[in-house]
Amino acid sequence: MDVVVAAGLAILQAEGLDAVTMRRVATELDTGAASLYVYVANRDAMLEAMLDAVIGEMQLAARRAGTVA
């Protein structure tokens, strides 16, 4: 799942939200789109996992900076 999320985030950063599709992420991972459905139910679930990862990184950075208890 982490690899799928990382690929989605890389595409998001390079090409924007509209480019983050199951097919595009699968291409980035050199696999078929159907293979991704083992890890995520659909594009919305993938975007939600991506958002969770970003929020987690933000919280971790804030803790390291001492701005979150």
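With 0.36 nm allotted per residue and the present C-alpha distance subtracted, the Gln13-Glu57 stretch has 14.3 nm of extension available. To the nearest 500 deg cm²/dmol, what mean residue ellipticity at 222 nm is calculated for the chain from DSSP H runs of n ≥ 4 alone, each contributing -39,500 (n - 2.57), summed and divided by the residues? Result for the chain: -21500 deg cm²/dmol, rounded to the nearest 500. Highest mean packing comes first when the peptides 13-22, 42-51, 58-67, 27-36 are listed by Cβ atoms within 10 Å, giving 42-51, 27-36, 13-22, 58-67.
Against the longest alpha carbon principal axis of the chain, how many degrees, from 0 to 90 and to the nearest 10, is the axis of helix 43-65 turned? Tilt of helix 43-65: around 20 degrees.
As a fraction of the 1.4 Å probe accessible area of the chain, surface on carbon and sulfur atoms comes out at 55 percent. Given +1 at the Cβ of Lys and Arg, -1 at the Cβ of Asp and Glu and no other charges, the dipole of the chain around its Cα centre is 140 debye to the nearest 20.
Across all Cα pairs in the chain, the calculated P(r) in 5 Å bins from zero up to the longest distance comes to 3, 18, 26, 21, 12, 9, 6, 4, 1 percent per bin.
The values are calculated or read from the model by the stated rules, or taken from the named source; none is laboratory data. Computed from a prediction, not measured in an experiment: that's the story for all the values here. Heads up, the Cβs are rebuilt from the backbone with ideal geometry, glycines too, and the neighbour counts pull from every protein chain shown. Accessible surface areas use protein heavy atoms only, side chains included; no ligands, DNA or RNA. Shrake-Rupley method; radii C 1.70, N 1.55, O 1.52, S 1.80 Å.
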